[in-house]
Structure formats: C-alpha cells, structure tokens
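What follows is a single structure, written as structure tokens, with notes after it.
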Amino acid sequence: MTSTAPVLPAIDGRAVIDGRRSDAADGRTLGNTSPGTGADLGPLSLCGPADVDRAVSGAAAAFESGRWSGADAAERKRVLLDLADRIDAATDELAMLESMDMGKPVHEARAVDVPGAAATFRWYAELVDKLTDEVPATPPGSTAVVSRRPLGVVGAIVPWNYPLEIAAWKLAPALAVGNSVVLKPAELSSLTALRLGDLALEAGLPAGVLNVVTGTGAITGDALARHRRVDALTFTGSTATAQRLMVATGETGLKRLSLEAGGKSANIVFADTDDLAAAAAKAAFGAFYNQGEVCSANSTILVERPVYDQFLALFVAEAAAYEPGDPFDAASGMGALVSAAHADSVQRAIQSGADSGEIVHGGERMSITGSTAYLRPTVITGLDQDHPLHQHEIFGPVVTVTPFDTEDEAIRRANSTSFGLAASVWTSGFARAHRVSARLVAGTVSVNTVDALGLTTPFGGFKQSGFGRDLSAHAIDNYVGLKTTWFQHG
Ligand code: NAD
C-alpha cells in the first residue's frame, strides 16, 4: 500500500535581497510556527534596518539601471507571464506552504489563492502593452504628451490572511509599469512571498527588481516605511498600522501612499429577496470563508423582521459547512486561525457577545492536530448596534444576526461604523437595489451576492478602510506619476 501523506515542501526562510537568498546581516531570526499543527517551520530572517537598506539600495540601483524600468513593455509582459506560469506550475508547493504557514485549508489555497495570484500577474502583464499616453488639446504650435512614469522603489507591506494573493495584487501592477519593489510579508505568513521572490528571478526579473524582506512590523516594516529612498508605499493590513504608516511616510519624504485597511461590513437581507436559501448560503460564505479572516467579511447580518426567524434557521444550517478541521483534510470547512494568540482574541470577542446577547451556534474553541488555534463558526444574536462586535473588526469566524424594520434603519446600521470597505444587499426590488446600494458607504456593494471581487473591478474602501485601490486598471495609479512633456513648435 502506498502512503497518501503529502510530501511537504522544503522551507527556506531567508530574505530575497538583490537577487539572492540572504540571512540578516546580524544573523537575527524569528521563529515560525504552523498554526494548524504547532509544528516548527524553521527560522525566518529578521531583517533589520541594514538589511532593508541593502534591499532598497539594490532596488534603487536596479531601477536606475533601466534594465526593467526602461525595458520594452513587451519584455515586461513576457517576464510577468512567465512568472504566472511558474506560479501555476508550483501550485501544490505554494498551496501547502500557505496552508502550513497561516492555517487555511490547503484545498482552498490550491483552488483560490494560487490561481488567483497567477491570474493577477497575467492580467497586468496583458494590460501593460495596451496602456496609451494622452495628447490633450493645447494651443496651436504646441503638442503635449501626458505619460505615466514609474515612481522608482515601491515598498509593499502585506497582511497574513491572503499572503500570496494580496502580494500579487501589489506586485503585479507595480512591476508591470516598471517599478522596483521591496515586499515585506507579514511575520506570520512569509513563506509564499519568499518563494514568489525565487520564481520571479527564475522568470527573468532582473536581480534587485523584487526583494522580499522578512521580519516584524515594528523593525522591518518600520525601516521600510521610513527609508528615504522608498518612493511609494502600498499597504494592506489593520487601520492602526495604516495610521502609523501615514506618520512614518509623511515624516520621511512625503512618499506616495495607498492603504487598504480594516472593515466591518454589513449584509442586508430584505424580506422581498427571491431566494432566502441562496442568501443564507452566501451569507455563511461571507462570514466564515477563510476562517472569517477576511477584511471584507460580512460579519454583521441585518434581516428584515418578517423573514428573520426563517433566515436564521437557514443560516445556522449553512454554518455547519464551515466546521473547522485539519487544514490538509479536504473535508475541512475551515482551517486554523492564524495563531493561538489570535484565536484567544477572537474568543474574547465571542465572550463579550455572549455576555450581552446569545450564542445560537458555535462559540467553542477546538483542539485539532495538536493545535488550539481552531474555533467553530459562531452566530450571535441580540446585540445593540453600538456593541463592540458591531463596531470593531474581529477577523475570525464570528457573525451577528439582527432584525430590522425599515430600509432607513438597515442603511443607518450598516453605515454606522468607522469603516467603509464592503456591504451586501439582498432584494428582488430593482428600485430598492439601486436606492440602497447608492446610500451604502462602501468601496464595494454586492447586490444579490456577497463580497463580489474580480480582477477587473477596483477593491478598496472609504473612511477608515483606507484609500487607493487594488485590482483593475485603477491600481496602476498607485504606482505611476503623470508626466507632461510640452513641445513648443510654432
Ligand atoms: P497588521 O496591520 O498588524 O499587519 C499588516 C502588515 O503590516 C504586516 O506585514 C506587519 O508586519 C506590518 N506592520 C505592522 N506594524 C507595522 C509598523 N509599525 N510599520 C510597518 N509595518 C508594520 O495587520 P494583520 O494583522 O497582518 O492583518 C489583519 C488586518 O489586515 C485586518 O485589519 C484586515 O482588515 C486587514 N486587511 C485589509 C484588507 C483590505 O484590502 N482592506 C485585506 C486583508 C486584510
């Protein structure tokens, strides 16, 4: 009989600096534990300011050499398409690394995260030789050309919930238009970013154009944000860190900044929705997919009172599909949360919900494959709008369900947070769909679905969810400056 145990990929936790794997100059490392099993995943380089300086200097030198920044768009397209192919070819390895590193089910990483990253590189590779400059109207005897210029060195700081995909959202447009990039993955999920650095070199990206510096936010991230030769910073993560980055980049040379921060998104279900069962199934996906560790998770469900009881019963039944299990088991509905410490904080949030309301499903911590970083999908009812569970991002598999009586009340509740990332609306009413979606303050409003997202549409938020947009042709704007060249010829 042959064993079905997967062959685990080799792990190299050293940074990628100027075209080579590299230890931190002072030899410092960080520990890295798999949240799913508690297994030791080996050390990661803890890059200090000297390492960040080496990466940024290498990136700046590569930019100035023009080998990438000045390359024909067709050449940049060719290399990025090659990188996309290499990501696809490495699907099993990358999916296992992602799952081992941050706890999500390996089957989801294989089906969603890895192909999503490859598709992102492919999309921007295909875009880059179709961008055109502008020749606006100017007085007779003159011609002006408005062109997009790469900015130079882009620092990219990313979170742990979609490590490979969000890195691709930043890198693909930044690289496609000719920038050099220094990527700082989250300390809890650096392994796929490091492999991406290797694959980019193998695809022919010149040394120094993409560097990956590992380490903590306070040491490595701060050194990158404050480095004076970084021209632009792109970030996805918490609102608290986004606020620090505004200070750091403002104090050190007025860098271009784009921020994708937190969210607290509502899903409004009207009684006139055509298919309440479909709404319940999608609502469960919107709340529990990826262990609920999704910035745009629809974690506040508002249901019009006449269908509240029916919806709640359907929704709780759907939650059963998200029971946690071994991330390497294809039957697991969720994996582990990113760490036992994060599971502790989500558990405290559940307790605060239980103190004021009622847990109608889940709530329990679980121990699976030697780790306690697992929580059951949790449904809480009976909380006021100003309860912390309705105001703060929990970033775990926890959702509240609350009845409402009028359209105005639902909109007011949905908008009454400091965030503005996403919202969903379920209704069969054409006029209501337009009216309600227009009044919701959110970067993406999904109507009769949840958490809609695609390569062709911008993703980002209003209010404290940040500014700047990932995905779509609009993301290019984060990484270029407009240059006017005016020819006077008459
Ligand atoms: P986080 O803000 O703690 O960390 C994000 C990244 O910033 C990490 O790489 C971290 O090392 C780095 N960092 C932390 N402190 C820093 C500092 N002082 N200077 C420079 N870098 C620093 O967020 P997280 O816990 O990794 O991720 C969860 C958060 O990310 C949630 O708030 C979630 O909503 C948000 N998120 C947002 C989006 C979006 O597109 N809006 C997508 C995914 C996640």
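The values are calculated or read from the model by the stated rules, or taken from the named source; none is laboratory data. Since we're looking at a predicted model, the values are computed, not measured. Methodologically, a virtual Cβ is constructed for each residue, glycine included, from the backbone with ideal geometry; neighbour enumeration extends over all protein chains shown. All accessible areas refer to the heavy atoms of the entire protein, side chains included, with ligands and DNA or RNA removed. Shrake-Rupley method; radii C 1.70, N 1.55, O 1.52, S 1.80 Å.
Here segment 434-490 and segment 96-147 have alpha carbon centers that stand 13 Å from each other. When only Cα pairs below 8 angstrom with a gap of at least 6 residues are kept, the chain shows a relative contact order of 18 percent. With all protein chains in place and ligands, DNA and RNA left out, the 1.4 Å accessible area ranks 426, 123, 486 as 486, 123, 426, largest first. Averaging Cα coordinates gives a centre for segment 245-302 and one for segment 219-239; these two points are 23 Å apart. Across segment 477-490, rounded Karplus estimates of 3J(HN,Hα) from the backbone phi angles (6.51 cos²θ - 1.76 cosθ + 1.60, θ = phi - 60°) give 4, 5, 10, 10, x, 8, 10, 9, 10, 10, 9, 9, 9, x Hz, Gly and Pro being marked x. Where Rh is the Kirkwood radius over the Cα pairs of segment 266-456, the temperature 4 °C and the viscosity 1.567 mPa s, what D in µm²/s does Stokes-Einstein return? In µm²/s, the coefficient rounds to 78.
Taking label positions 7 Å along the Cα-Cβ direction at both residue 435 and residue 228, the computed distance is 5.8 nm, reported to one decimal. If R0 is 22 Å, the Cβ-Cβ spacing of residue 330 and residue 453 corresponds to a FRET efficiency of close to 0.40. For segment 251-295, the Kirkwood radius over C-alpha pairs fed into Stokes-Einstein at 25 °C and 0.890 mPa s yields D = 180 µm² per second. Rolling a 1.4 angstrom probe over the chain with all protein chains present gives an accessible area of which 55% lies on carbon and sulfur atoms. In this structure residue 149 has an accessible area near 110 Å², from a 1.4 Å probe over the protein heavy atoms. Relative contact order of segment 266-456, taken over Cα pairs closer than 8 Å and 6 or more residues apart, is 27 percent. In segment 1-127, Rg over Rh equals 1.04, where Rg is the alpha-carbon radius of gyration and Rh the Kirkwood radius from pairwise Cα distances. Computed with a 1.4 Å probe over protein heavy atoms only, the accessible area of residue 418 comes to about 50 Å². Rounded to the nearest whole Hz, the Karplus-based 3J(HN,Hα) values (6.51 cos²θ - 1.76 cosθ + 1.60, θ = phi - 60°) of segment 401-412 follow the sequence 10, 9, x, 9, 10, 9, 4, 4, 4, 4, 5, 4, with x at glycine and proline. Residue order by solvent-accessible surface for 390, 434 is 434, 390, largest first, with ligands and nucleic acids left out and a 1.4 Å probe. When DSSP beta bridges are restricted to pairs lying wholly in segment 266-456, around 20% turn out antiparallel. Extension gain for residue 254 to residue 392 (0.36 nm times residue separation, less C-alpha to C-alpha distance): 46.7 nm. Here the spin labels are modelled as points 7 Å beyond Cα on the Cα-Cβ line, and at residue 202 and residue 238 they lie 3.5 nm apart. The solvent-accessible area of residue 78, taken with every protein chain present and a 1.4 Å probe, is close to 120 Å². Across segment 314-328, computed HN-Hα scalar couplings (Karplus, 6.51 cos²θ - 1.76 cosθ + 1.60, θ = phi - 60°) run 5, 5, 4, 5, 5, 4, 4, 6, 10, 5, x, x, 3, x, 8 Hz from first to last residue, x flagging Gly and Pro. Please work out the FRET efficiency for the pair residue 25 and residue 247, using the Cβ-Cβ distance as r and a Förster radius of 30 Å; give the result to the nearest 0.05. Given R0 = 30 Å and the Cβ-Cβ separation, E is 0.65.
Taking amide H as placed 1.01 Å from N in the peptide plane, residue 457 has its amide H under 5 Å from the amide H of 472, each at least 5 places away in sequence or on another chain.
Considering only DSSP beta bridges where both residues belong to the chain, give the percentage that are antiparallel (nearest 5). Approximately 40 percent, going by the DSSP bridge assignments. On a per residue basis, the convex hull of the C-alpha atoms belonging to the chain measures out at 157 Å³.
Near residue 443, the amide H atoms lying under 5 Å from its own belong to 421, 422, 462; only residues 5 or more places off or on other chains count, and H is placed 1.01 Å from N. Annotation: amide H of residue 25 within the under-5 Å range of 48, 51, sequence separation 5 or more or interchain, hydrogens built in the peptide plane.
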